[in-house]
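Colleague: Just passing along the structure, written as structure tokens.
The numbers here are math on the coordinates, done by the rules we state, and not lab data. Being a predicted model, the structure only gives us computed values, none of them experimental. Quick reminder, even Gly has a Cβ in these numbers, built from the backbone with ideal geometry, and neighbours come from all protein chains shown.
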Amino acid sequence: MSEDAGEFTIRVAMESDAATIAWHRARMWQDMGELPTDLFEPLRATCEPHLKQRLASGDYIGWLACPAASPDLIVAGAGVHLRGVMPHPLKVGRDTVAIADGRHGTIVNVFTEPEWRRRGVAALLMKQIIAWSREERLDRLVLHASAAGRALYEKMGFVTTNEMRLAND
């Protein structure tokens, strides 16, 4: 299943794409300044079998972008890690609350090769993910934005929340 988005074709990732997605994941962390050079290969190698297993189980759904003229050249990707949580209240309108099933998705591994950036490919991937999450009726779709990605995500309707995490001192 693939979608032609003009200059790019977006397709669903398969188990055989785990190595590419692991590469993107390590590059993403490296580009954000969070991954020292000596840990690039260990992270990439550790992620690959995890991604393969999660792609196989359906816990991770990924999308990859290729130039329409070069369908074998993967230039960008993004994915959703699915997780189940306890049912919880969900605001569905201004004054309406429902009980959510607890189907959450976390967007991860958003990465575009440097020479393909600023061409709208990340926005195409995000539109695909948002449309898919609505079809799947996820209760919540979240992401952790880098400084470089924040403007795109805000433009697409993502808002800052009150999430906190325990510091690793």
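Colleague: In terms of Cα to Cα distance under 30 Å, which lysines are near enough to Lys91, apart from those fewer than 8 places away along the same chain?
Modeller: Filter leaves Lys127, Lys155.
Colleague: Give me the number: length gained by fully extending Asp59 to Arg150, i.e. 0.36 nm times residue separation minus the C-alpha to C-alpha distance, one decimal in nm.
Modeller: Result: 30.2 nm gained on full extension.
Colleague: Taking Cα centroids, how far is the range 40-107 from the range 120-169 in Å?
Modeller: Each part reduced to its Cα centre gives a spacing of 11 Å.
Colleague: So what is the relative contact order of the range 31-107, in percent, for Cα pairs below 8 Å that sit 6 or more residues apart?
Modeller: Over the range 31-107, the number comes to 20 percent.
Colleague: What FRET efficiency comes out for His50 versus Arg94 if R0 is 45 angstrom and r is the Cβ-Cβ distance? Round to the nearest 0.05.
Modeller: Approximately 0.65, to the nearest 0.05.
Colleague: Quick one: length gained pulling Glu163 to Glu15 fully straight, 0.36 nm per residue minus the C-alpha distance?
Modeller: Fully extending the segment from Glu163 to Glu15 adds 50.1 nm.
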